[in-house]
Amino acid sequence: MEEEIFGPVLPILTVKSVDEAIEFINRREKPLALYVFSNDKKLIKRVISETSSGGVTGNDVIMHSVLSTLPFGGVGKLLELL
């Protein structure tokens, strides 16, 4: 998956630990969206703090895209818009 695909694609990758998942994310270009699912709020906060993406949602799949008051323009654009 080297190119962005605008379509109904759901890649599912298996990792052995949260550390491996964070490392996997950080080795690649920053994703436009990142979704974290866990019952452990500290784990969600850790993934958010140790990665960078265009938008992160914890335990949900659409909240960051339906809030029209949030800026959108890719990764790293928030500071430029404020």
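Quick note: the coordinates plus some simple rules give every number you see, no bench work behind them. This one's a predicted model, so the numbers in the text were calculated from it and none came from an experiment. When we count neighbours, we look across all protein chains shown, and the Cβ atoms used for this are built from the backbone with ideal geometry, even at glycine.
Numbers for the structure displayed
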| quantity | calculated |
| --- | --- |
| Protection proxy ranking, peptides 30-43, 6-19, average beta carbon neighbours within 10 Å, highest first | 30-43, 6-19 |
| Cβ-derived FRET efficiency at R0 22 Å, residue 63 paired with residue 41, nearest 0.05 | 0.90 |
| Full-stretch length increase - residue 4, residue 26 - with 0.36 nm per residue and alpha-carbon distance subtracted | 6.3 nm |
